[in-house]
Amino acid sequence: MNIALIGYGKMGQTIERIALSRGHKITLRITSGNRNELTADNLRGTDVAIEFTRPDAAKNNVLACLEAGVNVVCGTTGWNEHVAEASAVAEEHKAAFLQASNFSIGVNIFFEVNKLLASLMNGHPEYGVMIEETHHTQKKDAPSGTAITLAEQIVQRLNGKNKWTLNDFNEKDGVPILAHRREHVPGTHTIKYSSEIDDIEIVHTAHNRDGFALGAVLAAEYIAGRRGTFTMKDVLGIK
Ligand SMILES: NC(=O)c1ccc[n+]([C@@H]2O[C@H](COP(=O)([O-])OP(=O)(O)OC[C@H]3O[C@@H](n4cnc5c(N)ncnc54)[C@H](OP(=O)(O)O)[C@@H]3O)[C@@H](O)[C@H]2O)c1
């Protein structure tokens with residue numbers, strides 16, 4: 001498969017290593033320094049573009065690829081408000097689009113555990129819920145896209161919760177997310193239900209970036225040759 005890497009930072013370079021080890025070719029590398037080279041001409045022959053850049057750049061990059069008819073896997077977080085538009089453009093240009101707040105297989109299993117736990121906790125208002133996330137200090141967005149996904153899953157299942165809040169425990173109908181930034185942490189997420197009697201906690205700890213990168217390459221392999229909008233549940237066969 002010919003892969004264009006849009007964003008060649010920590011994630012782009014890890015994805016390159018894993019894609020090469022799975023027999024794929026990297027045919028284009030785009031950073032902020034050469035972003036004018038992201039053209040339909042340069043994308044010709046690309047099977048899938050994998051986009052990991054920054055929140056304010058993702059929309060333009062993703063649309064440029066989709067408008068050129070190139071399938072896109074996007075891992076950039078912090079641009080949720082434009083993701084639906086990208087799906088519409090994919091549809092219009094007969095391309096495929098897959099965006100995920102977290103590509104790791106472990107986190108996608110963790111998402112399912114989070115949903116089940118939230119459903120079980122629904123009849124037990126004596127437990128308060130909170131999410132804690134910790135990431136490295138270069139991360140641009142807070143809370144993390146993964147924490148937002150976890151919070152939305154809880155909001156959909158827990159009566160009386162309507163939104164997430166950032167570092168704010170005062171809103172009764174909110175799921176509070178505490179965001180910490182510490183050196184060298186690839187990504188840790190904790191969901192905690194606390195009552196006066198006991199606590200229930202589930203935790204996912206990423207040890208490095210390889211899990212995110214492998215998931216992104218698996219997603220690229222899955223959408224190659226397909227059309228439409230997909231999720232990691234499709235890639236991992238989670239019902
Ligand atoms: N979904 C997931 O599983 C997952 C996992 C990890 C990270 N992420 C997200 O992925 C994104 C990238 O993370 P990272 O750690 O790889 O960041 P990073 O190390 O800062 O790399 C960002 C890359 O994007 C390039 N870039 C910046 N602006 C650009 C533009 N306008 N057009 C094209 N390229 C541009 C940068 O180029 P320069 O160096 O030249 O500026 C750099 O190569 C973040 O949003 C992060 O939250 C998602």
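Please treat every number below as a calculation from the coordinates, not as lab data. Everything numeric here is computed off the predicted structure, so don't read it as measured data. Positions of Cβ are generated from backbone atoms using ideal geometry, with glycine treated the same way; all protein chains shown enter the neighbour counts.
Applying the selection to segment 54-106, what residues are buried (at least 24 other Cβ atoms within 10 Å of the Cβ), under 18 Å from residue 135 (Cβ atoms) and within 12 Å of the chain's Cα centre (by Cα)?
Selection gives 75, 76, 77, 100, 102, 103.
What pairs come up if the first residue lies in segment 16-41 and is within 22 Å of residue 55 (Cβ to Cβ), the second is within 10 Å of the ligand (Cβ to nearest atom) and acidic (Asp, Glu), and their beta carbons are under 7 Å apart, counting only those six or more places apart or on different chains?
If the second residue must be within 10 Å of the ligand (Cβ to nearest atom) and acidic (Asp, Glu), the pairs left are 30/37.
To keep it simple, each residue is scored yes or no on (1) of a type outside the set (Ser, Thr, Tyr); (2) under 30 Å from residue 94 (Cβ atoms); (3) surrounded by 15 or more Cβ atoms within 10 Å (Cβ to Cβ).
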| site | (1), (2), (3) |
| --- | --- |
| 131 | yes, no, yes |
| 143 | yes, no, yes |
| 173 | yes, no, no |
| 185 | yes, no, yes |
| 203 | yes, no, no |
| 209 | yes, no, yes |
| 218 | yes, yes, yes |
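Filter segment 187-201 down to the residues that are of a type in the set (S, T, N, Q) and assigned to a strand (DSSP E or B), then identify the one that is farthest from residue 136 (Cα to Cα).
194
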